[in-house]
Amino acid sequence: MASPVNVFISYSHEDQEFHNSLVKYLTNMQRQGEISTWTDRKITGGSSWRNEIDKHLEAADIVLLLVSPDFIYSEYCYDKEMGAALERHKLKLTRVIPVYIRVTDVKGSVVEELQGLPTDRKPVNKWQDKDEAWKNVVEGLRSAIAEYLEARPM
């Protein structure tokens with residue numbers, strides 16, 4: 001069996017509830033050995049949080065950006081995490097996927113150029129059935145992972 005794809009989740013702490021929901025919906029993929037997820041909530045006491053984030057961003061195959069007004073507002077999320085992820089994306093070392101969780105203005109930003117999830121960039125909080133929204137994200141992630149793995153040099 002192939003090793004799991006490393007998924008880094010970048011989000012604003014203001015969106016913790018969305019982060020928690022996404023992690024729950026990714027559980028089956030983790031149990032099946034398809035992915036391994038990492039977020040800053042896994043940083044332990046006494047660790048250098050910046051070094052931990054940098055190390056896991058560097059190792060990420062997929063970076064999920066939980067896009068919201070708070071994500072765009074956060075200099076650390078937008079400039080540091082997303083900036084580093086997009087550099088690796090340009091080099092085809094990782095794949096960056098925006099996941100729209102709340103209505104957000106991204107016009108003219110680099111986020112606008114990337115195909116996002118859920119379908120049609122309809123934010124998760126606007127879906128009548130949130131389970132359906134997260135299932136849509138998981139299905140889109142599976143498709144993106146398959147495409148990423150096909151294109152990745154061996």
- Query: Looking at (1) under 26 Å from Glu34 (Cβ atoms); (2) touching a residue at least 40 places away in the same chain (Cβ under 8 Å); (3) loosely packed, with under 13 Cβ neighbours inside 10 Å, which is the only condition Tyr73 fails?
  - Reply: (1)
- Query: Only one of these conditions is not met by Ser143: (1) among the small types (Gly, Ala, Ser); (2) open to solvent by 40 Å² or more (accessible area, probe 1.4 Å); (3) farther than 22 Å from Ser36 by Cα. Which number is it?
  - Reply: (3)
- Message: What's the total number of residues in the stretch 1-37 that are open to solvent by 60 Å² or more (accessible area, probe 1.4 Å) and within 13 Å of Val124 (Cβ to Cβ)?
- Response: 4
- Is it the case that some residue within the stretch 76-98 is in contact (Cβ under 8 Å) with a residue 12 or more places away in the chain, outside any helix (DSSP H, G or I), open to solvent by less than 70 Å² (accessible area, probe 1.4 Å) and over 21 Å from Ile35 (Cα atoms)? no
- Scan the stretch 100-124 for residues that are assigned to a helix (DSSP H, G or I), farther than 11 Å from Asn136 by Cα and touching a Leu at 6+ places or on another chain (Cβ under 9 Å) and jot them down. Val110, Val111
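The values are calculated or read from the model by the stated rules, or taken from the named source; none is laboratory data. What you are looking at is a predicted structure, and each value in this text was computed from that prediction instead of being measured. Backbone-built Cβ (ideal geometry, glycine too); neighbour counts: all protein chains shown. With ligands, DNA and RNA removed, areas are computed over all heavy atoms of the protein, side chains included. Shrake-Rupley method; radii C 1.70, N 1.55, O 1.52, S 1.80 Å.
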